[in-house]
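The values are calculated or read from the model by the stated rules, or taken from the named source; none is laboratory data. Values in this document were obtained by computation on a predicted structure and should not be read as measured data. Glycine also receives a Cβ, built like all others from the backbone with ideal geometry; neighbour counts cover every protein chain displayed.
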Amino acid sequence: MRKTRRTVTIQDVAKTAGVSVSTVSRVLNGKVDVASETQDRIRSVIDDLGYTTNLAARSMRSFKKNMVGLIMPDIAYPFAIEAFSTDAPIVSIDPLMSDPNYPSVHATNYQGATDAMNYLLGLGHTRIGFISGRAELESSNRRLKGYRDAIEKAGLPIDEKLIASGDYTTETGAKCAHELLTGDNPPSAIFASNDQAAMGVFQVAHEMGIRIPEDLSVIGFDNIMESKYMRLTTVDQFISEMGFVATQMLIKLINGETLDSQTYKMQTQLVIRNSCQEFIGNE
């Protein structure tokens with residue numbers, strides 16, 4: 001006869017770890033008044049026994065569902081904000097505007113774009129193509145402004161033919177790259193406003209027999225997992241950390257706590273890999 005596996009209880013964890021049930025409970029609830037060695041031992045036992053907390057039971061006792069919803073990507077649209085901000089606490093990542101009237105987390109997009117451009121300019125590139133993102137997003141507008149300002153500060157004229165309108169997708173990134181690279185005077189470098197658009201540049205460059213970085217330097221924005229394997233130079237906006245910060249902000253709102261600030265700005269960082277090279281030649 002087949003045996004039914006017994007559910008591991010918090011009492012089992014406490015007994016195995018040699019501590020009280022209340023101590024295990026405090027560790028599970030993130031309390032910091034338990035010695036670190038004891039916390040490590042309890043977590044190790046939890047992993048070994050495969051213990052999981054019963055959220056359903058908790059919800060029935062406390063009348064809280066202990067669940068947080070995630071809406072993406074249309075949270076950027078006004079109707080979505082209007083619909084959800086009136087029903088429950090909400091925190092937006094990469095909001096429609098830089099200073100919305102609801103809590104938000106966004107990266108220092110302008111600074112990140114400026115850092116990317118200054119890096120390319122420092123390598124000697126003067127004809128730098130740009131693939132923009134979704135026009136309705138503040139992040140896209142800030143990155144475009146960073147591109148434009150860096151060009152002007154370098155004393156170079158802005159060539160509107162070097163700016164292609166994208167939407168943060170690989171497919172459109174490829175179309176933009178083809179447009180830029182088949183022009184009369186193609187750029188020696190392309191700054192794609194996100195890594196997915198940069199992937200489109202890689203695809204078109206391969207199809208056209210253009211070598212990266214020997215013939216074309218490419219830089220992206222986001223530092224998604226794929227960019228590491230592509231050896232793509234990019235701007236890290238620490239997406240996972242943004243999600244963590246947003247979740248912490250949301251939990252505070254749910255618990256009725258006051259936020260230190262309505263807007264959290266995640267500092268970006270340039271990540272240099274192998275997709276850019278010093279320009280040698282006449283532009």
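Residue count for the stretch 118-164 under the criterion of being over 26 Å from VAL105 (Cβ atoms) and assigned to a loop (DSSP other than H, G, I, E, B): the result is 11.
Counting only residues that are over 27 Å from GLN248 (Cα atoms) and not acidic (Asp, Glu), the stretch 15-50 holds 7 of them.
Given the condition touching a helix residue (DSSP H, G or I) at 6+ places or on another chain (Cβ under 8 Å) and either of a type in the set (Val, Ile, Thr) or surrounded by 23 or more Cβ atoms within 10 Å (Cβ to Cβ) (or both), answer yes or no: does some residue in the stretch 241-256 qualify? Talk me through it step by step, then tell me what you get.
Here is the first cut: in the stretch 241-256, the residues touching a helix residue (DSSP H, G or I) at 6+ places or on another chain (Cβ under 8 Å) are none.
No: the stretch 241-256 contains no residue that is touching a helix residue (DSSP H, G or I) at 6+ places or on another chain (Cβ under 8 Å) and either of a type in the set (Val, Ile, Thr) or surrounded by 23 or more Cβ atoms within 10 Å (Cβ to Cβ) (or both).
Matching residues to (1) under 16 Å from SER217 (Cβ atoms); (2) crowded, with 22+ Cβ neighbours inside 10 Å:
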site: ASN141; (1), (2): no, no
site: GLY146; (1), (2): no, yes
site: ILE151; (1), (2): yes, no
site: ALA189; (1), (2): yes, yes
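In summary, GLU179 fulfils each of the numbered conditions (1) of a type in the set (Asp, Glu); (2) closer than 23 Å to ILE158 by Cα; (3) at pLDDT below 95 with the single exception of condition (3). Residue count for the stretch 263-283 satisfying the condition of being within 20 Å of TYR110 (Cα to Cα) and either not assigned by TED's automatic domain parsing to the domain that holds ASN118 or not hydrophobic (A, V, I, L, M, F, W, C) (or both): 6.
Within the stretch 134-150, being over 18 Å from THR169 (Cβ atoms) and among the aliphatic types (A, V, I, L, M) holds for one residue alone: ALA150. Evaluated against (1) over 19 Å from GLY243 (Cα atoms); (2) at pLDDT 65 or above; (3) surrounded by fewer than 19 Cβ atoms within 10 Å (Cβ to Cβ), ALA83 falls short on exactly one condition, (2). Here is the figure for the stretch 100-117: residues that are part of a strand (DSSP E or B) and either without any contact (Cβ under 8 Å) to a residue 12 or more places away in the chain or over 30 Å from GLY256 (Cβ atoms) (or both) total 0.
In the stretch 248-276, what residues are without any contact (Cβ under 8 Å) to a residue 12 or more places away in the chain and within 17 Å of the chain's Cα centre (by Cα)? Within the stretch 248-276, just GLN248 meets the criteria.
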